[in-house]
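Let me begin by presenting the structure, written as structure tokens, before commenting on it.
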Amino acid sequence: MKPAAIPASERRLAFVAEWFHAEAGIIRTFLITYYVSDKAVEVFDQRNKRTFLRRTKIPELTQRDFFVGSKINVFGRQFDIVDYADDTTRTNLAKYRKKGFVLLKNNMWTKHLGKFLKTLIDNKININQGMMVQFSPKMVTQFLSGKDTTDVSSSVLMNELLAGPAISLELIGDNVVETIKACAQYKSTEAETPSVKLSPSLEELFESEEIRYGFYYSDNDNDVEMDLKFISEARHSIIKECVFKNTTLAIIKPHSIKDGLLGDIISEILSNGFRLTAMRMILMARINCEEFYEVYRGVVPEYIPMVAQLASGVCMCMEIACADPEKKTDREFRNFCGPMDPEIAKLLRPHTLRAKFGKSKVQNAVHCTDLPDDSNLELQYMFKIID
Amino acid sequence: MKKSGDFLSLLNNRDLLKTPSGNSIVNFLVKPMSVEMNTADNLITGARRQRMMELFQEDRAWEAAELSRFGLSCIKAPDCYPCCTPFECSKAKF
């Protein structure tokens, strides 16, 4: 049985996706078709030659979720998109939707992380993956080996990466490598004329010398692939360890990331007396979301939609500490997040995160640890247990 | 059952109790441990839920008190705030 006939005029995107069947230990291949007009998804099982999921609207998924290298969650099943399925999709996306890699140095991201992310997102550059990393001398040497850099610049970069935790970001966007390169070389008289014209917001951001020199970037596709591979393979060795002392967990929910609020929320957190001590972006399987939210089962009636929301896309997990070490971080941050219901928050606590960015009790922008004793449990779950 | 040098890794198997095994260590040590761990986990989760419910009750009490100060005291259910719709909020006097 083949997929249903599709009118030629209807715009759709078709991808080859893989699903790892954990119990059987095999990878199965599917054909996923996304219909732009009604945000519907159709899944075709290539092995059994039959429709696995007929055309079904999934509001949580948008066009920007579909690109080679992304992971999507369809009714709790996680698919890895590995290739384009037809020439039309390849022609429309492959030429422009590229991956980029940047490594934000410690002296830059501690001051400008939120603004940096917000500007990239506003310029249609998605943050696909992110992780706070702490390099050891051995690991930074491995990272820099094979790079086409002079001894001096290599040594300087090594020292900067060893000075404190850095943040690695995998970017997805049109001509993202050229764009980042043009940003880094903005106002440089020595560099060749950039092939990409920067938008006014990018120019404004990279006016600052601290930002312009505050990150490492891969300047060609080969380096991007090599750097992403290194970060992926060595992530257990270089991921920044949690402090686990007077800290708490914060999760920026998938709907906020899809709405482009990641940078705004991080800016709000960092400008209100909090600091990041660990960070990673992950796509959680539904079973893990259920396990994580187990304590809310029977406590709040929105348990099931909360699980569905957390499983709907990539979320940003952060370990948060108070800038003032005398304060109790879990209590302070919970107060800063505000009531679970954004409508209540807007009325009673208008300066809280959920009042500013939340939409409903389920889509309330961020998760924070409610019980003080649960902080370490939740941190360990997100940073130690979930791979 | 697939042989494993680390029997403790079997504890993560959700279907461990349903899977037959000819290994005496699995039958008389690992499976009882799994039962004990599940029981402990349920007890811990139950205690956490109880504390969470108490915390949420405190929050709701605070919210109700704060709402009454704005003249919005028509909360009808603990998990439903129809009075705090945008229309109702527009009628609030600050």
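Annotations
- Residue A:338 within 14 Å of chain B (Cβ to nearest Cβ), more than 24 Å from residue A:167 (Cα to Cα), free of Cβ contacts under 8 Å to residues at least 24 places away in the same chain and crowded, with 17+ Cβ neighbours inside 10 Å: yes
- Qualifying residue in segment A:102-111 (condition: closer than 19 Å to residue A:314 by Cβ and either among the acidic types (Asp, Glu) or in contact with a Lys or Arg (Cβ under 6 Å, 6 or more places away or on another chain) (or both)): no
- Where residue A:385 falls short, out of the listed (1) in contact (Cβ under 8 Å) with a residue 24 or more places away in the chain; (2) under 24 Å from residue B:44 (Cα atoms); (3) surrounded by fewer than 20 Cβ atoms within 10 Å (Cβ to Cβ): (1)
- Out of A:144, A:198, A:228, one residue alone is out of contact with any Cys (no Cβ under 8 Å at 6 or more places or on another chain) and under 23 Å from residue A:262 (Cα atoms). It is A:228.
Residues checked against (1) within 17 Å of the chain's Cα centre (by Cα); (2) loosely packed, with under 11 Cβ neighbours inside 10 Å; (3) away from every other protein chain (no Cβ under 14 Å); (4) within 30 Å of residue A:361 (Cα to Cα):
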site: B:23; (1), (2), (3), (4): no, no, yes, no
site: B:29; (1), (2), (3), (4): no, no, yes, no
site: B:33; (1), (2), (3), (4): no, no, yes, no
site: B:38; (1), (2), (3), (4): yes, no, no, no
site: B:41; (1), (2), (3), (4): yes, no, no, yes
site: B:45; (1), (2), (3), (4): yes, no, no, yes
site: B:48; (1), (2), (3), (4): yes, no, no, yes
site: B:53; (1), (2), (3), (4): yes, no, no, yes
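- Residue that is surrounded by the most Cβ atoms within 10 Å (Cβ to Cβ) [pool: residues in segment A:299-335 that are of a type in the set (D, E, K, R) and within 14 Å of another protein chain (Cβ to nearest Cβ)]: A:330
- Some residue of segment A:182-195 being touching a residue at least 40 places away in the same chain (Cβ under 8 Å) and either within 15 Å of residue A:119 (Cα to Cα) or of a type in the set (Gly, Ala, Ser) (or both): no
- Looking across segment A:350-375, the residues that are within 9 Å of chain B (Cβ to nearest Cβ) and either more than 25 Å from the chain's Cα centre (by Cα) or crowded, with 23+ Cβ neighbours inside 10 Å (or both) come down to A:371, A:373.
- Counting only residues that are aliphatic (A, V, I, L, M) and surrounded by fewer than 19 Cβ atoms within 10 Å (Cβ to Cβ), segment A:287-298 holds 1 of them.
- Condition met for residue B:71 (in a loop (DSSP other than H, G, I, E, B), at pLDDT 70 or above and either loosely packed, with under 15 Cβ neighbours inside 10 Å or under 26 Å from the mean Cα position of the chain (by Cα) (or both)): yes
- Residue match in segment A:245-265 (condition: touching a Leu at 6+ places or on another chain (Cβ under 9 Å), closer than 22 Å to residue A:311 by Cα and part of a loop (DSSP other than H, G, I, E, B)): yes
The values are calculated or read from the model by the stated rules, or taken from the named source; none is laboratory data. Computed from a predicted structure; not experimentally measured. No Cβ is skipped: glycine too gets one built from the backbone with ideal geometry, and neighbour counts run over all protein chains shown.
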